[in-house]
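Written out below as structure tokens is the structure these notes cover.
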Amino acid sequence: ERVPSIHWQRAGKEQKDLPLDVLLARNPEVLLVDGLAHRNREDARFKSRLEDIQFLMDHGISIITTINVYELAGEDEFVFKMTGIKAEDTVPSNTLELADEVRLIDVSPETILKRIDEGVLGDSTHPALSRRGNLGVLREISLRLMAEG
């Protein structure tokens, strides 16, 4: 089941915020939320999706969410130096430590390039992601983080 998001625009790009009151009313046991590093619209209850998720968890809802390695503060500057990829929004570096479980979803650079070409990853994908070498760097950073965690 899918709950409609709150749609809005930032710098000409469509953004989607969580409808917190609707989600609380439905009271799911588990909620799948994409884009942990998302920054909410100015009039939202909370500034960030991370705060939204913490609020939902405080109300007994388990959350499964996603994040890109370049959206982790502390990794973002290194990723930028290595790849030129700059995250619009980040979460604190200790965010992964708050999780009960972290899983690396790893696919080959070729698979990501194919998905970019097919438009599956959407128009919010950073242009530097279409460089195979950058995808390899991101993969290595992700593997290192998982090994350290």
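The values are calculated or read from the model by the stated rules, or taken from the named source; none is laboratory data. All figures in this text were calculated on a predicted structure; none of them were measured in a lab. All Cβ positions, even for glycine, are placed from backbone atoms using ideal geometry, and neighbour counts span all protein chains on display. Just so you know, the surface numbers come from the protein's heavy atoms only, side chains and all, with ligands and any DNA or RNA stripped out. Shrake-Rupley method; radii C 1.70, N 1.55, O 1.52, S 1.80 Å.
Entry comment: accessible area of region 1-95 is 62 Å² per residue, from protein heavy atoms only and a probe of 1.4 Å.
Diffusion coefficient (Stokes-Einstein, Kirkwood radius over C-alpha pairs, 37 °C, 0.692 mPa s) for region 12-81: 248 µm²/s, rounded to a whole number.
Here the chain has an Rg and Dmax of 16.0, 45 Å, counting Cα atoms alone. Normalising the Debye intensity of region 94-149 to I(0), with uniform scatterers on Cα atoms only, and taking log10 at q = 0.12, 0.18, 0.22, 0.26 Å⁻¹ returns -0.35, -0.71, -0.90, -1.04.
Annotation: PHE78 carries an accessible surface of approximately 90 Å², with a 1.4 Å probe and no ligand, DNA or RNA atoms counted. Antiparallel beta bridges, as assigned by DSSP with both residues in the chain, represent about 55 percent of the total such bridges. Put a dot 7 Å past the Cα of ILE6, heading toward its Cβ, do the same for MET146, and the two dots end up 3.5 nm apart.
Would you mind telling me the share, in percent, of accessible area of the chain contributed by carbon and sulfur at probe 1.4 angstrom?
Details: 4960 of 9900 Å².
Here carbon and sulfur together make up 50 percent of the probe-accessible area.
Here, P(r) means the percent of Cα pairs in each 10 Å bin from 0 to the largest distance; for region 50-105 it is 21, 48, 25, 6.
Between LYS47 and GLU77, the modelled label-to-label distance comes to 1.9 nm, taking each label 7 Å out from Cα in the direction of the beta carbon. GLU88 exposes around 110 Å² of accessible area when a 1.4 Å probe is run over every protein chain in place. Solvent exposure of HIS59, expressed as accessible area, is near 90 Å², computed with a probe of 1.4 Å over the protein chains only.
Taking amide H atoms as placed 1.01 Å from N in the peptide plane, the amide H of ILE63 lies under 5 Å from those of LEU31, each 5 or more residues away in sequence or on another chain.
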